[in-house]
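Here's the structure we're looking at; comments come further down.
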Amino acid sequence: MYNAFTSRENGYGSTRLHMDMADAVNIMLYSAPLPDQQVGVAVWDIYPSKFSNDIRAFLKEEYPVETSPVFYIDPIHSQHFYLTPPLRKKLFDKYGVKSWRIYQKPGDAVFIPAGCAHQVCNLADCVKVAVDFVSPENLDRCSQLTQEFRNENERVTWKDDILQLSNMCWSAWEHTRQLESTTTS
């Protein structure tokens, strides 16, 4: 559970563009009302994973490593950038890349598939719960992302391998074998 504070879309948003190494679900429990007393929302931009390389190329064009105000190896994994409305339009015009835009209200759950670049702008203060999980459908993508994050760590100390995908799969396989042996005997 965490508190997310109000931000603006023309700035840095609440959560900059990034990818998670596993699938995730994010549930908004509460949001403060907007100044006009409407329900506060979080605005999500989730990009299909097939566009990841286009987004990387776009960000490298907009923020060349040599002149960027921040150091990065992978512009998505670095979590330094937020695609403002003008940048999202430019990304669409140049590469045809468009996000799935979701307006999350209290009680709404947003599912984020592994490998989908995404960003969030909370238009009101809110309380949320986030849970990461590995779905069988995205096992390959989780494995690929784990390797990408390891490569990132070789160059810059960045994140620990908290997913432990191989251990998780082995444990699930062992547990399945145990279940099968108790149900067949």
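Observations on the structure shown:
- Cα-centre dipole for the chain with unit charges at Cβ (Lys and Arg positive, Asp and Glu negative), debye to 20: 500 debye
- Selection from LEU59, VAL110, ILE76, by position along the positive dipole direction of the chain (Cβ): LEU59
- In the full protein context, the chain carries 59 Å² of accessible surface per residue, based on a 1.4 Å probe and ignoring ligands, DNA and RNA.
- Simple point charges give the picture: +1 on the Cβ of Lys and Arg, -1 on the Cβ of Asp and Glu, and for the stretch 43-94 a dipole about the Cα centre of about 160 debye.
- Carbon/sulfur fraction of accessible area - the chain, other protein chains in place, 1.4 Å, %: 55 percent
- Scanning the chain for trypsin sites (Lys or Arg not before Pro) that sit in a DSSP loop and have at most 14 other Cβ atoms within 10 Å, the longest stretch containing none of them is 9-97.
- Only Lys, Arg (+1) and Asp, Glu (-1) charged, at Cβ; the stretch 1-93 dipole about Cα centre in debye: 80 debye
- Residues in the stretch 67-103 reached by a label modelled at ARG56 [backbone nitrogen below 13 Å; 7 Å Cα→Cβ]: 73-78
- Among (i) 41, 19, 15; (ii) 31, 24, 14; (iii) 62, 29, 14, the entry derived from the coordinates for semi-axes √(5λ) of the Cα gyration tensor in Å: (ii)
- Spatially close Lys pairs in the chain, defined by Cα atoms under 15 Å apart and a spacing of eight or more places or different chains, total 6.
The values are calculated or read from the model by the stated rules, or taken from the named source; none is laboratory data. Predicted model only: the values in this text are computed from it and were never measured. Note: ideal-geometry Cβ built from the backbone for every residue, glycine included; neighbour counts use all protein chains shown. Please note that ligands, DNA and RNA were not included when accessible areas were found on the heavy atoms of the full protein model with its side chains. Shrake-Rupley method; radii C 1.70, N 1.55, O 1.52, S 1.80 Å.
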